[in-house]
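Below is one structure, written out as structure tokens, with a few remarks after it.
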Number of protein chains: 2
Amino acid sequence: MATRPQPGDASSRSRGPRTRSRASHSLESVLAAAVAILDESGAQRLTIRALAARLGGGVASVYWYVSGRDELLDLAADSVLGGVLEAVADIGDGDPIDNLRTIAVTMFDAIVDRPWLGAYVLRDTATQIHSLQLYELIGEQVMRLELTPRQSFHATSAVVGFVIGTAADMGQEPPEAVVSGEMSKEEYMAGATAQWRALDAARFPYIHHIIDEFDGHDDRDQFIGGLDLLLTGLRLQAER
Amino acid sequence: MATRPQPGDASSRSRGPRTRSRASHSLESVLAAAVAILDESGAQRLTIRALAARLGGGVASVYWYVSGRDELLDLAADSVLGGVLEAVADIGDGDPIDNLRTIAVTMFDAIVDRPWLGAYVLRDTATQIHSLQLYELIGEQVMRLELTPRQSFHATSAVVGFVIGTAADMGQEPPEAVVSGEMSKEEYMAGATAQWRALDAARFPYIHHIIDEFDGHDDRDQFIGGLDLLLTGLRLQAER
DNA sequence: ACCTGAACACCGTTCAAGT
DNA sequence: ACCTGAACACCGTTCAAGT
């Protein structure tokens, strides 16, 4: 990150009225526009051309700020985690497990409505400072449980893996039909439920056992249910 | 899946010497070739053209078997899970938690060496039968713990989310430099470790606390460490 | 029923040139 | 230092035609 020039960081030109013969951006404005497109239309629709058009400039100008599409996604994902970090930065010295729960839920809330995020979050800590800081923050709460370094490492990774995995799974990039708007998300879910109900009960006893729970379930409750299992295991390890 | 014709399923023409003026495929051969390319070169390199070339035919023939690139990836991922399913199908009626551990570790082993898998596994149970069956199998073990349907649903989702999240995170699609071969995976990891060691110890106490564990750590140990926390929590819930 | 080559409408990225 | 338009080398997908 620090290896690239970062215009707009503390520069004099921050947004004043200029001659305006050419478009003028900054890393932040590029990332903000990228996140906006991502949130509105998903990763598939974030093309360099679409981004340039939204910024009102030419395609090549984007490459002044990022090395390519991959880094653009990495930085866009990291900028969202920056918001999470800000929200939990002053988490305080209450019960560490409670703090972990708070951090995890905040992350979940940020990721679940952004199907595109899962694949790019915490991918490269060299580029993604906020990701690194968030990982550190989670680790610091785990450290307070006074486990061995190895246990701390495993526990921190587990929390991060669980959050990202579950949130990414739940907020998955929906199928083309939903993206294109020819089918609503509700219709899609209703279809999935119907398909499950139609399964042979003898071959799929579990599916039938939980189908009523699945139908109309709340993703957040589901996430917290699993998270609490993990945190219970962690608490037990710490108390031993 | 059953909505599409499946040539080669139980058909008479299974691979006999033919006139051979044209290439001839089957869903299985198409998926096998796709998985081979995926394993060798990653998702980015699996182009329809590369796949057709490997099959020795034209591009358009692929579209006879799959509706597009997305479904190709879905089915390729599901075919790998088919192998996992086969390996654990006769898991037996031993301790359910032990069984869950076995299934999870088998899944982990299959996913971790396939960075491309994480993003496509368990995405659409309408297309991915093996994924559905594996989900069912995990759920059946959880059912034996005799929790409420809601608890069962949450626990099953948690196990699946943890496995996929952690494995996907660990086996991430490596950066371009590694894919293209200009940098080895070891060099990349060594670089990451060095970068972490260089961080300010006052601002990153956790990173420094675990850096020796991170350096040269075994992904599998790390996965199992986290998994056991989750399963401990689950066992406790079941015993209550 | 299954395969083909060519064509279409895109992409990400680069580059020489501008300001 | 930052932006531009045009060009390059690709893509996924479709289609009319073949066998």
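The values are calculated or read from the model by the stated rules, or taken from the named source; none is laboratory data. Remember, predicted model here, so these are calculated numbers, not experimental data. Counting neighbours? That spans all protein chains shown, and the Cβs are built from the backbone with ideal geometry, glycine included.
Quick check, is B:L73 of a type in the set (A, V, I, L, M, F, W, C), touching a residue at least 60 places away in the same chain (Cβ under 8 Å), more than 16 Å from DNA strand C (Cβ to nearest atom) and buried (at least 18 other Cβ atoms within 10 Å of the Cβ)?
Numbers: of a type in the set (A, V, I, L, M, F, W, C): yes; touching a residue at least 60 places away in the same chain (Cβ under 8 Å): no; more than 16 Å from DNA strand C (Cβ to nearest atom): yes; buried (at least 18 other Cβ atoms within 10 Å of the Cβ): yes.
Spelling it out, it is not the case that B:L73 is of a type in the set (A, V, I, L, M, F, W, C), touching a residue at least 60 places away in the same chain (Cβ under 8 Å), more than 16 Å from DNA strand C (Cβ to nearest atom) and buried (at least 18 other Cβ atoms within 10 Å of the Cβ).
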Cβ-Cβ under 7 Å, sequence separation 6+ or interchain: first residue in segment B:56-67 and more than 14 Å from chain A (Cβ to nearest Cβ) and on the phi < 0 side of the Ramachandran plot, partner near DNA strand D (Cβ under 7 Å from one of its atoms) and assigned to a helix (DSSP H, G or I). Which pairs?
B:V59/B:I48; B:V59/B:R49; B:V62/B:I48
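Looking at this structure, is A:I97 surrounded by fewer than 19 Cβ atoms within 10 Å (Cβ to Cβ), more than 18 Å from A:L132 (Cβ to Cβ), of a type in the set (A, V, I, L, M) and more than 15 Å from the chain's Cα centre (by Cα)?
Values: surrounded by fewer than 19 Cβ atoms within 10 Å (Cβ to Cβ): yes; more than 18 Å from A:L132 (Cβ to Cβ): yes; of a type in the set (A, V, I, L, M): yes; more than 15 Å from the chain's Cα centre (by Cα): yes.
Against the criterion (surrounded by fewer than 19 Cβ atoms within 10 Å (Cβ to Cβ), more than 18 Å from A:L132 (Cβ to Cβ), of a type in the set (A, V, I, L, M) and more than 15 Å from the chain's Cα centre (by Cα)), A:I97 qualifies.
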Residues of segment A:202-218 satisfying the condition of being assigned to a helix (DSSP H, G or I), of a type in the set (A, V, I, L, M) and more than 8 Å from chain B (Cβ to nearest Cβ)
A:I211
For segment A:219-240: of the residues being within 11 Å of chain B (Cβ to nearest Cβ) and at pLDDT below 95, which is farthest from the chain's Cα centre (by Cα)?
A:R240
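Looking only at segment A:26-54, count every residue that is over 26 Å from A:A168 (Cβ atoms) and within 13 Å of DNA strand C (Cβ to nearest atom) and tell me the total.
Summing the residues that are over 26 Å from A:A168 (Cβ atoms) and within 13 Å of DNA strand C (Cβ to nearest atom) in segment A:26-54 gives 3.
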From the options B:A104, B:A87, residue that is more than 16 Å from DNA strand C (Cβ to nearest atom) and within 14 Å of chain A (Cβ to nearest Cβ)
B:A104
Extreme residue, modelled with the highest pLDDT, among residues of segment B:4-32 that are among the hydroxyl-bearing types (S, T, Y) and within 13 Å of DNA strand D (Cβ to nearest atom):
B:S24
State whether the residues of segment B:199-211 include one that is touching a His at 6+ places or on another chain (Cβ under 8 Å) and farther than 19 Å from A:G165 by Cα.
yes
